[in-house]
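Accompanying notes for the structure given below.
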Amino acid sequence: MIRELVEKSRSYRRFYEEEKVPRKVLEGLVDMTRFVPSTANSQALTYRIIDSEEEKEKIFPLIGWAGALPDWDGPEEGERPSAYVLICCDLSRGKNKMVDNGIAAQTIMLGAVEQGFGGCMILNFKRAEAAEALEIDTEKYSLDLLLALGKPKEKVVIVPAGEDGNLKYYRDENQVHYVPKRDLKDILM
């Protein structure tokens with residue numbers, strides 16, 4: 001069961017924007033993170049659900065969508081995420097919680113897949129501008145990771161990594177997104 005969820009969990013960057021992720025589902029995804037491991041059990045992560053049209057419009061232009069696709073500026077109108085979850089760290093509880101961020105983000109993504117949604121973990125976004133747009137106090141919180149969520153509109157295909165070891169993802173003329181993955185024998189020491 002968990003393997004199926006992991007195999008279905010891809011980085012989707014285009015969505016059926018009109019298909020909303022219900023607020024109750026978003027809150028349920030965040031709620032699951034309360035039960036995951038946390039460095040020194042600090043439970044320092046906090047979350048901002050961004051699902052209003054106004055806040056989504058503020059966040060969208062602050063995102064760098066796909067480093068390996070430099071000619072692509074992100075999803076077009078109608079293909080944008082239905083919601084975002086911003087993972088922050090309460091600096092009074094700790095800082096540099098990269099492991100916690102990863103565990104929480106993957107938990108949310110797997111939960112989204114289980115509910116019929118998908119998403120993309122985004123590290124490339126303008127944090128200072130996002131904090132200002134969302135009125136988040138950066139003295140109190142660090143903005144660590146942004147999750148884009150929605151009903152996936154694109155096909156993502158896993159392919160074997162090339163003989164040359166190239167792992168750069170790419171799209172074909174039909175906008176099918178291909179993601180090379182290394183073989184098990186190549187990741188075992």
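At a glance:
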{"read-out": "Span from the segment 75-110 Cα centroid across to the segment 37-72 one, whole angstrom", "value": "5"}
{"read-out": "C-alpha long axis of helix 23-32 to longest principal axis of the chain, angle in °", "value": "90"}
{"read-out": "Equivalent ellipsoid semi-axes - Cα gyration tensor, the chain, angstrom", "value": "26, 21, 17"}
{"read-out": "Using a Förster distance of 35 Å, the FRET efficiency for Lys20-Lys155 (Cβ separation, nearest 0.05)", "value": "0.95"}
{"read-out": "For segment 121-131, 3J(HN,Hα) per residue [Karplus equation, 6.51 cos²θ - 1.76 cosθ + 1.60, θ = phi - 60°, Hz, x = Gly/Pro]", "value": "7, 10, 9, 8, 8, 7, 5, 4, 5, 5, 4"}
{"read-out": "Accessible surface, per residue, of the chain when the full set of protein chains is kept, probe 1.4 Å, Å²", "value": "59"}
{"read-out": "Overall Cα dimensions of segment 38-140 - principal axes, largest extent first, Å", "value": "41, 33, 28"}
{"read-out": "Reachable aspartates and glutamates, given that their alpha-carbon falls under 12 Å from the alpha-carbon of Lys8 and they are not under 8 places away in the same chain", "value": "Glu114"}
{"read-out": "Amide H contacts under 5 Å for Glu154, placed H, 5+ residues apart", "value": "Arg14"}
{"read-out": "Mean separation of Cα contacts under 8 Å, 6 or more apart, over the residue count of the chain: relative contact order %", "value": "29"}
{"read-out": "Subset of Lys56/Lys151; Lys24/Lys181; Lys58/Lys151; Lys126/Lys155; Lys24/Lys140; Lys24/Lys126 violating a 24 Å alpha-carbon distance limit", "value": "Lys24/Lys181; Lys126/Lys155; Lys24/Lys140; Lys24/Lys126"}
{"read-out": "Cut-off under 5 Å, modelled amide H: who pairs with Tyr170 long-range", "value": "Tyr178"}
{"read-out": "Under-5 Å amide H pairs with Leu45, H placed in peptide plane, nonlocal only", "value": "Asp90"}
{"read-out": "Surface/4 estimate of mean projected area, convex hull on alpha-carbon atoms of segment 118-159, nm²", "value": "4.1"}
{"read-out": "For segment 84-189, Kirkwood radius (reciprocal of mean inverse C-alpha pair distance, Å)", "value": "16.3"}
{"read-out": "Under Karplus coefficients 6.51, -1.76 and 1.60, residue-wise ³J(HN,Hα) of segment 46-57 in Hz, glycine/proline x", "value": "10, 10, 10, 7, 10, 9, 7, 4, 4, 6, 5, 5"}
{"read-out": "Carbon + sulfur, % of accessible area of the chain - ligands and nucleic acids excluded, 1.4 Å", "value": "51"}
{"read-out": "Residue-wise HN-Hα coupling along segment 159-171, computed from phi with Karplus coefficients 6.51, -1.76, 1.60 (Hz; x: Gly, Pro)", "value": "10, x, 4, x, 4, 7, x, 5, 10, 5, 6, 7, 10"}
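The values are calculated or read from the model by the stated rules, or taken from the named source; none is laboratory data. Everything quoted here is computed from the prediction, not taken from an experiment. Reconstructed Cβ throughout: ideal geometry from the backbone, glycine too, with neighbour counts over all protein chains shown. Accessible surface is based on the protein model in full, side chains and every heavy atom, while ligands, DNA and RNA are left aside. Shrake-Rupley method; radii C 1.70, N 1.55, O 1.52, S 1.80 Å.
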